[in-house]
Amino acid sequence: MERITNRRKAKLAFAAAMLLFLLSGLAAYIATVRFIESEQWVMHTHEVQSAIGDVNLAIARAGRARGSYFTTGNDDFRV
């Protein structure tokens, strides 16, 4: 049976450390990419919610103007 020398042990330890270093770098890269993608979805969600709010505001204004027009007959409330 062959005995492992100290030099061989050091090379194996260095190779294992480099492998772990590369794997942790890859994991950090993947996590960063996923974080950026999720941030883009959050921004998109806020944009959609803002657009829905604008539509709701326009509908509410139209409803109030309609009610005021029917109540007063004033053409200023026509939409």
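Coordinate-derived values only; no laboratory data. Remember, it's a predicted structure, so these values are computed and weren't measured experimentally. Positions of Cβ are backbone-derived with ideal geometry, glycine not excepted, and every protein chain shown enters the neighbour counts.
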*Looking only at trypsin sites (Lys or Arg not before Pro) in DSSP loops with at most 13 other Cβ atoms within 10 Å, what is the longest site-free stretch of the chain?*
4-77
*Would you mind computing, in nm to one decimal, how far apart the modelled labels at residue 43 and residue 3 are, each placed 7 Å from Cα along Cα→Cβ?*
6.3 nm
*asked:* Give the residue list of GluC sites (Glu not before Pro) in segment 1-57 that are DSSP loop and have at most 13 other beta-carbon atoms within 10 angstrom.
replied: 2
_Rounding to the nearest 10 and keeping the result within 0 to 90°, find how far the Cα-based axis of helix 6-72 lies from the longest principal axis of the chain._
0 degrees
_Solvent-free Debye scattering, log10 I(q)/I(0), computed from the Cα coordinates of the chain at q = 0.17 Å⁻¹_ = -0.83
*Point-to-point label distance, residue 13-residue 74, nm (Cα→Cβ direction, 7 Å offset)*: 8.8 nm
*Pulled fully out, how much extra length does the chain show between residue 51 and residue 24, if you take 0.36 nm times their separation in residues and subtract their Cα-Cα distance?*
5.7 nm
_Furthest towards positive pole of dipole, 12, 48, 65, structure part the chain, Cβ charges_ = 12
